[in-house]
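The values are calculated or read from the model by the stated rules, or taken from the named source; none is laboratory data. Source: prediction; values computed, not measured. Counting neighbours? That spans all protein chains shown, and the Cβs are built from the backbone with ideal geometry, glycine included. To get the accessible areas, we keep the full protein, side chains included, count just its heavy atoms, and leave off ligands, DNA and RNA. Shrake-Rupley method; radii C 1.70, N 1.55, O 1.52, S 1.80 Å.
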Amino acid sequence: MSFDLNSLVRENIRRLRPYSSARSEFAGSAEVFLDANENAFGSPAGNGYNRYPDPMQKKLKKSVAELKSVDPSQIFVGNGSDEAIDLLFRVFCEPGRDECIICPPTYGMYQVSADINDIAVTEVPLTSDFHLDVSAVLSAITETTKLIFICSPNNPTGNLMRHEDVKRIAEEFNGIVVVDEAYIDFAAEESVITELPNFPNLVVLQTFSKAWAMAGLRVGMAFASSEIISLMNRVKPPYNVSGIAQGAVLDAFEKQRDVEAWISKTLDERSRIVASLARFEFVLEIYPSDANFVLVRTTDAKAIYTFLVEEKIVVRDRSNVQFCAGCLRITIGTSEENDRLISALERFIEGA
Ligand SMILES: Cc1ncc(COP(=O)(O)O)c(C=O)c1O
């Protein structure tokens with residue numbers, strides 16, 4: 001691999017003089033802040049919310065850096081990891097010219113973000129057991145391929161990709177390999193963050209929306225070389241993560257034990273749901289999951305989905321997604337919610 005970051009970056013981004021906010025220009029201690037046109041009298045929301053938040057989320061990054069054993073300069077914090085996906089397109093892909101590779105069935109936002117940014121998408125389907133088709137991915141690379149998205153554990157199939165497959169692609173590709181680990185906290189294997197020192201072209205996405213239970217706050221992360229992170233920071237909106245969100249995530253680090261307990265409860269419930277679902281005749285296959293959901297192939301996804309909605313239970317109908325005919329994706333809920341699901345499915349059978 002001959003990786004040259006500079007030559008991958010869009011010309012206009014290389015030339016960009018990023019917006020310099022009041023809060024990023026001043027470093028030091030002051031008592032009177034008349035630099036950012038804020039309302040100095042207070043805030044109806046309380047707690048200093050009349051002031052702009054830290055644009056570079058320094059305190060938050062310090063805690064994340066400790067948790068993930070990386071340097072703070074290797075962390076981007078965004079408005080959900082969806083923001084990081086969009087930024088990667090904007091930093092590296094020239095609209096109307098460049099391409100990315102995705103491996104369906106996979107998370108839908110890669111395609112949507114590519115479409116918004118006018119970037120062509122080459123699809124290299126996963127194999128029949130939902131693993132990466134490494135040689136097909138490598139053969140699909142062209143001179144204008146800038147990004148390859150790998151989702152692990154993959155949404156909607158639930159399984160981890162093999163580390164050796166990810167590493168092989170990162171080794172052979174001169175562009176950016178994005179490994180989306182939104183569900184990694186539910187998996188038994190470790191994150192590929194540990195591979196960052198070996199692969200200057202690797203970007204790992206994680207989020208506080210899943211195991212960390214803060215989807216409503218919108219906080220996601222990207223981990224990469226400090227050079228890649230600095231490019232993302234140049235392009236992001238100055239105050240992309242609110243003060244409330246930064247503060248709440250920092251507070252949540254104190255409750256890591258709760259998070260660990262929920263993860264272990266989720267995994268127990270996942271085994272229970274899988275065992276219960278396996279008894280139903282309409283279930284044709286339950287795919288192995290390393291995440292907090294299971295993909296289930298059924299005889300009639302639409303009928304089951306509609307029946308569950310009448311029972312006030314919503315699952316995700318994935319039957320229109322490539323290679324997922326008949327499939328429902330079911331998130332693991334609380335024991336009570338899962339009991340409700342199983343009883344509703346028993347009623348579905350009785351009415352069938
Ligand atoms: C694989 C994957 N990546 C990223 C996201 C988005 O996460 P966030 O809430 O951090 O934007 C999701 C959300 O469902 C997801 O499934």
Requested in this report: Taking THR127 as meeting all but one of (1) under 29 Å from SER264 (Cα atoms); (2) part of a loop (DSSP other than H, G, I, E, B); (3) away from the ligand (no atom under 16 Å from the Cβ), write down the number of the exception.
Outcome: (1)
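For VAL179, state whether it is open to solvent by less than 10 Å² (accessible area, probe 1.4 Å), of a type in the set (A, V, I, L, M) and not in a helix (DSSP H, G or I). Before you say what the answer is, go through the steps one by one.
Numbers: open to solvent by less than 10 Å² (accessible area, probe 1.4 Å): yes; of a type in the set (A, V, I, L, M): yes; not in a helix (DSSP H, G or I): yes.
Against the criterion (open to solvent by less than 10 Å² (accessible area, probe 1.4 Å), of a type in the set (A, V, I, L, M) and not in a helix (DSSP H, G or I)), VAL179 qualifies.
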Query raised in the report: Can LYS68 be described as among the basic types (Lys, Arg), over 18 Å from the mean Cα position of the chain (by Cα) and either more than 12 Å from the ligand (Cβ to nearest atom) or modelled with pLDDT under 95 (or both)?
Result: no
Query raised in the report: Residues in segment 205-223: is at least one farther than 20 Å from LYS59 by Cα, polar (S, T, N, Q) and open to solvent by less than 10 Å² (accessible area, probe 1.4 Å)?
Result: no
Query raised in the report: From the set of residues in segment 202-227 that are of a type in the set (Val, Ile, Thr) and either touching a Pro at 6+ places or on another chain (Cβ under 8 Å) or within 10 Å of the ligand (Cβ to nearest atom) (or both), which is farthest from LEU16 (Cα to Cα)?
Result: THR207
Query - Boolean, ALA222 is among the small types (Gly, Ala, Ser) and in contact (Cβ under 8 Å) with a residue 40 or more places away in the chain - result: yes
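Provide a single number: the residues in segment 71-112 that are open to solvent by 20 Å² or more (accessible area, probe 1.4 Å) and either part of a loop (DSSP other than H, G, I, E, B) or within 12 Å of the ligand (Cβ to nearest atom) (or both).
Number of matching residues: 14.
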Query raised in the report: Does ILE193 satisfy the condition of being away from the ligand (no atom under 13 Å from the Cβ) and modelled with pLDDT of 95 or more?
Result: yes
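Could you please find all residues in segment 176-190 being away from the ligand (no atom under 13 Å from the Cβ) and within 16 Å of SER289 (Cα to Cα)?
Keep residues of segment 176-190 that are away from the ligand (no atom under 13 Å from the Cβ), which gives 176-177, 188-190.
Once the filter is applied, which keeps residues that are away from the ligand (no atom under 13 Å from the Cβ) and within 16 Å of SER289 (Cα to Cα), segment 176-190 yields ALA188, GLU189, GLU190.
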Query - Test: residue in segment 44-61 that is open to solvent by less than 40 Å² (accessible area, probe 1.4 Å), in contact (Cβ under 8 Å) with a residue 60 or more places away in the chain and over 23 Å from the mean Cα position of the chain (by Cα) - result: yes
Query raised in the report: So GLN206 fits all but one of (1) part of a strand (DSSP E or B); (2) more than 28 Å from ILE13 (Cβ to Cβ); what number is the exception?
Result: (2)
Requested in this report: For segment 286-306, indicate whether the set of residues that are at positive phi and basic (Lys, Arg) is non-empty.
Outcome: no
Query raised in the report: Does segment 135-149 contain any residue that is within 26 Å of ILE193 (Cβ to Cβ), open to solvent by less than 30 Å² (accessible area, probe 1.4 Å) and within 14 Å of the ligand (Cβ to nearest atom)?
Result: yes
Report task. Kindly indicate the residue of segment 155-175 that is within 16 Å of the ligand (Cβ to nearest atom) and touching a residue at least 60 places away in the same chain (Cβ under 8 Å) and also surrounded by the most Cβ atoms within 10 Å (Cβ to Cβ) among those meeting that condition. Result -> THR157
Query raised in the report: With (1) touching a Phe, Trp or Tyr at 6+ places or on another chain (Cβ under 9 Å); (2) in a helix (DSSP H, G or I); (3) within 28 Å of LYS68 (Cβ to Cβ) as the list, and PRO238 as the residue in question, which single condition is left unmet?
Result: (2)
